[in-house]
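The values are calculated or read from the model by the stated rules, or taken from the named source; none is laboratory data. Quick caveat: nothing in here was measured; it's all calculated off a predicted structure. Quick reminder, even Gly has a Cβ in these numbers, built from the backbone with ideal geometry, and neighbours come from all protein chains shown.
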Amino acid sequence: MVPRMKRLSILAALLAAAPALAQEPSLKTTEARRLEAPEANQGVAVDKTHLFAIDNGTIARYDKATAVKQAEWKGDPVRFKHLNACLIVGKDLVCAGSNYPSVPQTSSVEIFDPVKMTHKRVVPLGPGTGSLTWVDRHDGFWWGMFANYDAKGGEPGRDHRWTTLVKFDDQWRRVGAWLLPAPVLERMAPYSSSGGAFGDDGLLYVTGHDRPEMYALRVPTEGGATLDLVATLAIPVEGQAIAWDPYQPRVVWGVNRATRQVVAFKLPPVLDDHAARK
């Protein structure tokens, strides 16, 4: 019979070697504002004076100060089946699109004029990786998250664990790709990532489909193709697409699907122990 102390030592070693378990939120955010927007079903984009509420084939522009609706774009539901997340890049409103929940999964980047509220052009990414749920511009590259699902909208042979972050150059050529860490995938199951964007601290902040939480992730630079989980934050919205406010430090906008509102909340500083040790 193995002595008790030795058994405890073996158990401790096994626990240390086991994959990380799901991490409950350790940081809290503070709600800053909440505005009515009937189109706030998938995501929201933001610039200095406007909010853009997104609902599949509809984008509505609101005055940021007064919450007055100013303009709206509606697309052909056959061609614009699932716009999920948008962001302002220069003079463009850049949106992630897919044919979700149809299969095979195909994706595109749809680019709009945010002033005229007209569609300008498309970058067809086609099938092969998943359903594009969000895009971001960071460090001179384009980044996009391709969602995969266990059931509705998923393809045979792939589940939510195949969700992939892809890095593109300016010609939308793939130059890198990463998987989500196991603790994040565990909390997203059976769905995937619906929102994400890089923060002012260089970390990638990602949301799921329906949990009121956000995951601060690090893109590894020392090997490996899986993102590192830095922290989990509690947020006042249940997943879906997000957008950093470029004019309010540490403020992120999201949507409350149940009440059709856009919600602003402020994030605390997130300590990255790995970066601090470098």
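Structure summary
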quantity	calculated
Any hit, segment 191-206, residues being out of contact with any strand residue (DSSP E or B) (no Cβ under 9 Å at 6 or more places or on another chain) and modelled with pLDDT of 95 or more	no
Given (1) closer than 20 Å to Ala258 by Cβ; (2) modelled with pLDDT under 95; (3) of a type in the set (A, V, I, L, M, F, W, C), number of the condition Ala17 does not satisfy	(1)
